[in-house]
Amino acid sequence: MPAANQLLALQQGQIDAAGAGTQEVPTDEVLAPFKDTTKFGILTGPREWTLGLYFNMTRGGPLADVRVRRAFAYAIDQTDLVTRVLQGKGTPGRPGHLAPTSPWYNAQARMYPHAPSVAMQALDDAGYRDTNGDGVREAPDGTPLRFELLYSTWDSPRNAELLSSYLQAIGVALTPRATERNALDTAAAEGRYELVLVGFGGIGGDPDGLRTKFHSASRARTFTRAQGYANPRFDELADRQLTETDEAQRRALVDEMQTILADDVPMLSLYYPEDTWIFRKGTIDDWYLAYGWYGGGVQGAFKRLFVTGQRDGIAIKGR
């Protein structure tokens, strides 16, 4: 049955299983009513969902400069985001987009450890300096590094607040603007933004999702499409992996695709939250978290019931 607050409905006996929500991670206080292991089981594991910071490159200017995007990546403290937004219940994002839990993850792709000094030096070297002393850098043509950041009212405002503070420290100013979820998704799909925070699942499924999001000729018209990104080598690899039947050869293609994305930073995955699923043992006590769904990361009992959860020998079973 539909419930506005699934965990409360589960506690009151109205439903038999519930998730914490798409991005939310339950606090210890919220989980306290379910600690009786004779009545409830709790599943936890990696969620196939990410919050991505997208750069609109269609308009040119600083956001179309890879040096600026890399400076963002060095300035943003993803571990701090996990600690302060997810209460430690998650994993920092990877610039190659796919999470470490994906069987297609390329661990050799470039990383951006939190290093504000590296970000500032890179901007200095590229000619982005604060020439008038107002705390905000300007491009060589005088354009200030000031950007509007759209984010959903469904998501924690802490994301935008923390991003603003990280970037302010290197001389980049953000103006966060909360937007209703459907309006934000439409704006993201149509490219009506400078910077936008977009949350989505499906990152544990087939890696062809990289093509639909980042290929310059992708026909996808969704909020996950990167706006203005074009890399001929990436496009070539994305086309080849689509028809490659040899898994080892396809894996090599997908590895290089992630390497290119990590270098170009058309978007930055900020984090991957932990999944929490709670169920009433008196009804059914043999539940699994299932991985590898194309729509993975979206809460729903139908994705877990009667599924072994096997993926490369991994199974997370109810306890």
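Coordinate-derived values only; no laboratory data. All values derive from a computational prediction rather than experimental measurement. Please note: Cβ atoms are built from the backbone with ideal geometry, for glycine as well, and neighbour counts cover all protein chains shown.
Note on L242 and N5: their simple-model spin labels are 4.7 nm apart, each label 7 Å out from Cα toward Cβ.
Charged side chains reduced to their Cβ positions (Lys and Arg at +1, Asp and Glu at -1) give the stretch 1-102 a dipole of some 460 debye around its Cα centre.
For D36, neighbours were defined as the other residues whose beta-carbon sits under 11 Å from its Cβ, and their charges (Lys and Arg +1, Asp and Glu -1) total +4.
Restricting the trypsin sites (Lys or Arg not before Pro) of the stretch 142-237 to loop positions (DSSP other than H, G, I, E, B) with no more than 11 neighbouring Cβ atoms within 10 Å leaves R219, R221.
Just L31, L81, L174 to compare: in a GNM of the chain, with alpha carbon springs under 10 Å, which one fluctuates most? Answer for the Gaussian network model of the chain: L31.
In a simple Cβ point-charge model (Lys, Arg +1; Asp, Glu -1; nothing else charged), the chain has a dipole of about 540 debye relative to its Cα centre. Taking a virtual spin label 7 Å from the Cα of D124 along the C-beta vector, which residues in the stretch 67-89 bring their backbone nitrogen under 20 Å of it? It comes to 67-76, nothing else.
Report the extension gain between T38 and R233 in nm, rounded to one decimal, defined as 0.36 nm multiplied by the number of residues separating them, less their alpha carbon distance.
Value of the extension gain: 64.6 nm.
Ordering Q12, T131, A119 by Cα displacement along the dipole of the chain toward the positive end leaves Q12 in first place; charges were set at the Cβ atoms of Lys, Arg (+1) and Asp, Glu (-1).
Only DSSP H runs of four or more residues enter the estimate; each adds -39500 (n - 2.57), and after division by the residues of the chain the mean residue ellipticity at 222 nm equals -8500 deg cm²/dmol.
Summarising the label geometry, the points placed 7 Å from Cα in the beta-carbon direction at R158 and D208 lie 3.8 nm from one another.
Annotation: extensible slack from N132 through S117 equals 3.4 nm (criterion: 0.36 nm per residue apart, minus Cα-Cα distance).
Toward the positive end of the charge dipole of the chain, with +1 on the Cβ of Lys and Arg and -1 on the Cβ of Asp and Glu, the farthest Cα among S218, A230, N56 is that of S218.
Pairs of Lys residues in the chain are counted when their Cα atoms are under 15 angstrom apart and they lie 8 or more places apart or on different chains; the count is 4. Computed about its Cα centre, the charge dipole of the stretch 76-133 is approximately 300 debye, with only Lys, Arg, Asp and Glu carrying charge at their Cβ.
Modelled this way, with points 7 Å down the Cα-to-C-beta line, the labels at S216 and T27 are 4.9 nm from one another.
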